[in-house]
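Worksheet: the structure to be examined is printed underneath.
The values are calculated or read from the model by the stated rules, or taken from the named source; none is laboratory data. All values derive from a computational prediction rather than experimental measurement. Cβ sites come from the backbone with ideal geometry, for glycine too, and all protein chains shown count toward neighbours. Just the protein is used for accessible areas: all its heavy atoms, side chains included, with ligands, DNA and RNA removed. Shrake-Rupley method; radii C 1.70, N 1.55, O 1.52, S 1.80 Å.
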Amino acid sequence: MKDLRQSGSLKALFPRATGPDFQAVLVNTAGGITGGDTVKINARADAGSHLTLTTQAAERAYRAQPGQVGHLQTRLAVEAGARVNWLPQETILFQGCALRRSLHVEMQADATFLMVEPLVFGRAAMGETLTDASFSDRIEIHREGQLSYFDRVTLQGNIASQMARPNTGNGAGAMASLIYAAADAGAQLAPVRAMLPDTAGASLIGDDLLVLRLLAPDSYLVRQSLIPVLNRLTNDNLPRCWMT
């Protein structure tokens, strides 16, 4: 690790490595994000290095005051021959939340990038229903300075009703997006598809970009489906906090 700067409620811990990756576990000591908060994460993997970033536990987007919005902004750089795994655990949306989340990735031509971002629409075990919430998510991946992937999701108001629609979520209580940008993405497509439930799909966008979207009734089933895929794509080096 070349240098580290951290301030506010977000801290980074560095568990003893069990594989080739340098691992960092992010901890939000505030316990969540609410209106008016801004959380920024910036990381770079220098040439030839391997970096895995994850979170100690699920992030929580709490109720915001009227007119206030919480922001979670992540920027990652992956230099030549390097690899970054961006593997945060679930983000749980609470009733009344207002969260704007963004991920911006800059990759070199021969770099590798793996990301997953699970999202939970209220805690099903607690009987929570999102009838008034706001969530916006933006993902940009640039390779050699050229935009190679862009995705945006916006949910506003009665999210439970929107996710109940057959052409939106068909009643799903949780979802996840996974992206694998690597030279072997094409070779991974068939094995990954074989692991997925009927409520998920994976496709290639170009020869080196695999994209997966998963819907499930709750966060437990999302995780149950994701872990075999992530184990495969990380060469069985998934962070231990994902396994608890």
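Conditions: (1) in a helix (DSSP H, G or I); (2) among the hydrophobic types (A, V, I, L, M, F, W, C); (3) open to solvent by less than 10 Å² (accessible area, probe 1.4 Å). VAL84 meets all but one. Number of the miss?
Every listed condition holds for VAL84 apart from (1).
I'd like to check something: does the range 137-151 contain any residue that is free of Cβ contacts under 8 Å to residues at least 24 places away in the same chain, open to solvent by 30 Å² or more (accessible area, probe 1.4 Å), closer than 23 Å to LEU51 by Cα and aromatic (Phe, Trp, Tyr)?
Scanning the range 137-151, I find at least one residue that is free of Cβ contacts under 8 Å to residues at least 24 places away in the same chain, open to solvent by 30 Å² or more (accessible area, probe 1.4 Å), closer than 23 Å to LEU51 by Cα and aromatic (Phe, Trp, Tyr), so the answer is yes.
Within the range 172-185, can one find any residue that is closer than 15 Å to ASN85 by Cα, in contact with a helix residue (DSSP H, G or I) (Cβ under 9 Å, 6 or more places away or on another chain) and either assigned to a loop (DSSP other than H, G, I, E, B) or open to solvent by 30 Å² or more (accessible area, probe 1.4 Å) (or both)?
Yes: the range 172-185 contains one or more residues that are closer than 15 Å to ASN85 by Cα, in contact with a helix residue (DSSP H, G or I) (Cβ under 9 Å, 6 or more places away or on another chain) and either assigned to a loop (DSSP other than H, G, I, E, B) or open to solvent by 30 Å² or more (accessible area, probe 1.4 Å) (or both).
I need the full set of residues from the range 215-244 which are open to solvent by less than 20 Å² (accessible area, probe 1.4 Å), of a type in the set (Ser, Thr, Tyr) and part of a helix (DSSP H, G or I), in order please.
none
Could you tell me whether the range 11-23 includes any residue that is more than 17 Å from THR112 (Cα to Cα), at pLDDT below 95, in a strand (DSSP E or B) and of a type in the set (A, V, I, L, M)?
Yes, that holds for at least one residue.
Check GLN65 against each of (1) within 19 Å of the chain's Cα centre (by Cα); (2) surrounded by fewer than 17 Cβ atoms within 10 Å (Cβ to Cβ) and name the one condition it does not meet.
Answer for GLN65: the failing condition is (1).
Do the conditions hold for GLY173, that is, is it free of Cβ contacts under 8 Å to residues at least 40 places away in the same chain and over 20 Å from LEU51 (Cβ atoms)? Working first, answer last.
On the way: free of Cβ contacts under 8 Å to residues at least 40 places away in the same chain: no; over 20 Å from LEU51 (Cβ atoms): yes.
So GLY173 does not fit the description; no.
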